[in-house]
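One structure is given here, and the rest of the page talks about it.
The values are calculated or read from the model by the stated rules, or taken from the named source; none is laboratory data. Note that this is a predicted model, so its numbers are computed, not measured. Cβ placement follows ideal geometry from the backbone for every residue including glycine, while neighbour counts extend to all protein chains displayed. Only protein heavy atoms, including side chains, enter the accessible area calculation; ligands, DNA and RNA are left aside. Shrake-Rupley method; radii C 1.70, N 1.55, O 1.52, S 1.80 Å.
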Amino acid sequence: MRKYSERGFKNLEFLRFLLIWAVVGVHIAYLNLSGAEQFSWLVKWTSGWQAVEMFFLMSGFFLFYKVRTEETVLHFALRKWLRLAPFIIALTIVGYIAAGFDIMQYPLSVNIFNSLLLLDWNTHHFGPDATILYVAWFANALFFVSVIYFCIFKALGHDKALLAIGTITFICFYMYSRRVFIVVPFIFPMVRGFAYIGFGILLCEVWKSYTADRKPETQTKVHPGVSALEAVLLLTIVISLFGGSTGIPTPEGLTVPPDQIATLTAQTWFPELTRWALDGVWLQICFVALFWLFLCNRGIISRALNNPLSVTLGKYSYAIFLVHTIVIRALRDYVNLPDLKWSYENPVLLISLVCIGILAAAVAAHHLLEQPLTRWANSKL
């Protein structure tokens, strides 16, 4: 995927890397370890689903950062597809081989063919067996929403398109806040995509207006007030994503495996903070504020993270996002961690080794698959 550093925002690469591990925490619950007392803390690392919405927002912000209105819809769609899909398809094949070519391992309606087509909307929300890569729905929703919003830009022009996108965005925010459609998995990811990608587009327009009217700064000193605010916002987001589960009741009509009920309703390490942050849109507001401060790059944290190391970490983010699903499935199917007696004596060490394994597999996949496929895709554009 396109690096935020290409737009001059290296610190956002670190932010993306951080959010990826919040998503990983949600899926580590699929290792079926949280039922044991030694691993009960894992259920508190399961609100990473909120990080997906932050990814949508960041993607929307840079989607039309520089709009090429002369580009055809077909070329735009092909360009987006080549950036997102080849790596997913390659990893799907890898995961299918790792599963022993056992098509019956997966439900009939979500087998290898749906995985290759990124069509995992119908059951992705209900557990790890939806598809081989059960996060491909994000790329699918990102692709379709991006193409639709680009069509709106092409058809209506800049000003009218922003008005239309703003209307769609806030209608979808209203639908999402009601959560009554969550029982229809096809609609659920699309509404999330339209809401947060659309908001990212609108935020980008505000940013471009702000930077266009702002005079070049002669003062390059770090602003202490901004630094303090960055620290507070970053700490709030980290605690909310890594230290507290959803803490919400199971929505009526949502089919959830029994072993995941405890994950959905678990108490948190910081109940007051996470209840405040996860109730409504407060966590997203905190993220938007931190995102804006990172764009402005006037605080100690945003400047400290504006370095090549952040770029290095960020370039593996997409690989981690996809590869961790294969690693977790392989550990669950072939290793069966609950049977390892030493794991109960060293729970933190075990989860640390799992995360290191995910990172190592992602680095290998990035260099062996993602980079060659990206070069191939660029040659076709």
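What does the highest-first list of 197-209, 341-353, 163-175 look like by mean Cβ count within 10 Å?
The peptides rank, most packed first, as 197-209, 163-175, 341-353.
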For this session: Could you rank the peptides 147-160, 9-22 by their average count of other C-beta atoms within 10 Å per residue, with the highest value first?
Result: 9-22, 147-160
For this session: Using a 1.4 angstrom probe, figure out how much accessible area segment 43-99 has per residue, in square angstrom, rounded to the nearest whole.
Result: 35 Å²
For this session: With 22 Å as the limit, write out which pairs from 221/315; 66/154; 208/315; 10/160; 160/380 have Cα-Cα distances beyond it, or answer none.
Result: 221/315; 208/315; 10/160; 160/380
Exercise. Under a 1.4 angstrom probe, counting protein chains only, how are 333, 213, 339 ranked by accessible area, largest first?
Worked result: 213, 339, 333
Exercise. In nanometres, what is the gap between the two model label sites at residue 332 and residue 209, each 7 Å from Cα along Cα-to-Cβ?
Worked result: 4.6 nm
Seminar exercise, completed: Note: segment 283-381 at 10 °C, 1.306 mPa s; Kirkwood Rh on alpha carbon pairs; Stokes-Einstein D in µm²/s works out to 96 µm²/s
For this session: Please work out how much length the chain gains when fully extended from residue 67 to residue 231, using 0.36 nm per residue of separation minus the C-alpha to C-alpha distance, in nm with one decimal.
Result: 55.7 nm
